[in-house]
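Values in this text are rule-based calculations from the coordinates and carry no lab data. Note that the structure is predicted; figures quoted are calculated from it, not measured. Cβ coordinates were reconstructed from backbone atoms using ideal geometry, including for glycine residues, and neighbour counts include every protein chain displayed.
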Amino acid sequence: MDLFPDGTHVRLQSRELGTYLYADEDGVGVSLSQRRASLNAAWQVHRIVHEGVAYVLLHGAAYGRYLAVSPDAAPRRGHRGRRVVQSDRDYFDPRAVMWRVIRAWDGGDPDDVIVRHDLHRNLRANGRYRRWQTGVTVDDTFAAWSTMMRWTVQAIPPREAPPEIRLPVATPNVGTRRGLFRRRTVPASEPQWMIWYELADDDGNVDEHNWDNFMFSGRSVFSLMARVAFREGHRDANHFVLCVKAGHDARRTPLVIDLLPSQVHPMNIVALTKGSPGAAALVYPDVDAEAPAADAEVP
C-alpha cells in the first residue's frame, strides 16, 4: 500500500525538527507542535484526480478544514516562503488545497517525502535556529531542497469506537449561569456562530438544497450537539453525530473535540443519527496508538 491511502489518517513529522504539522486551535493557522497524541496533529487523506493528475488533499481531524496555501503571500515575521493555513475547500482558489507527494531521493533518507504544492512550491518547516518560530510555509523559491522540506509520514490506525465528547465543565468562583445540562462558565463575550446544518438519512445521504441554519453562542461542541438535537425534537444531546463539511466538495469530518475553533467562521454541519449505517461508516483516528513502521511506497 502507499503512504496516503484515501480516507486514512496520517501525521506529518518534520525530519529536521521532530515536530508535527498541527492545526492551530483558532481553526485558521498551521504550525509545528510536539503534541503527537492530539487530533490537531492528525490529517485525513482525500485523494482526487484533476486533469489526469493525482493529488493529495489533507483535512484536519480536529476541525475538518483543509491544508492550503494562503492567498496572502506574506508569512509571519522570521518565516520563509508563503503562509500555509486551514481553509474551506472552496473558499478561494481550488488549487490552494492540492498537493503532490514525492520521494526525496537526493542524498537523504529514502523514507523522506517532499510535499509539493500544485504551484511547485514545497511545504517547509521553520525554526531551525529559532525554535520559537513554529510556522509552516511553502517555499517561494526554486532553490535546492532543504532538510526543512522533508517530512516523515506516520499512519494513524482507526479507533475501535468513537471517542466521547465531554460536557462543559464549570470553573469555580466565576460568574456562571444554568446551562442545558449543568452550570458552566460564561465568558464576558461568547463567540457567535452561523451554523448551517442538514440531517442525513440512515445511509448518510443528504439533500444539498435543504440546509437549515441558526445562530449559536460559545465554543462547546457538546452544547452544539444538544442544540441540534433540541431543534430536531430530541432531548438526548448524543442522538446525532455531527460532522463538519468544510466546503461543498469537502469530505465530512466527525466533530469530536471539546471546543470549536477560537476564530469564528460560518460552519456547515451534517447530522447523522447515532447507530445508523452512515454514522457507523465514519472513521476516527486513534491518536494514542503507536505509529506503525513505514514500509510502503509513495505513488
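Show me the ranking of peptides 194-201, 35-42, 21-28 by mean Cβ neighbours inside 10 Å, starting with the highest.
21-28, 35-42, 194-201
Using a simple spin-label model with points 7 Å from Cα along the Cα→Cβ vector, what separation in nm is obtained for HIS265 and GLU51?
Here the modelled spin labels are 2.5 nm apart.
Net charge near VAL221: determine it from the other residues with C-beta under 10 Å of the C-beta of VAL221, scoring Lys and Arg +1 and Asp and Glu -1.
It works out to a net charge of +1.
Given charges of +1 on the Cβ of Lys and Arg and -1 on the Cβ of Asp and Glu, with all other atoms neutral, how large is the dipole of the stretch 176-280 about its Cα centre, in debye to the nearest 20?
For this selection, approximately 820 debye.
What FRET efficiency would be calculated for the residue pair ASP236, GLU290, taking the C-beta separation as r and a Förster radius of 25 Å, to the nearest 0.05?
Plugging the Cβ-Cβ distance into 1/(1 + (r/R0)^6) gives 0.10.
Any idea what the dipole of the stretch 218-263 comes to, in debye rounded to 20, about its Cα centre with Lys/Arg Cβ at +1 and Asp/Glu Cβ at -1?
Details: 7 positive and 4 negative charges, 15 e Å.
Using only the charged Cβ atoms, the result is roughly 80 debye.
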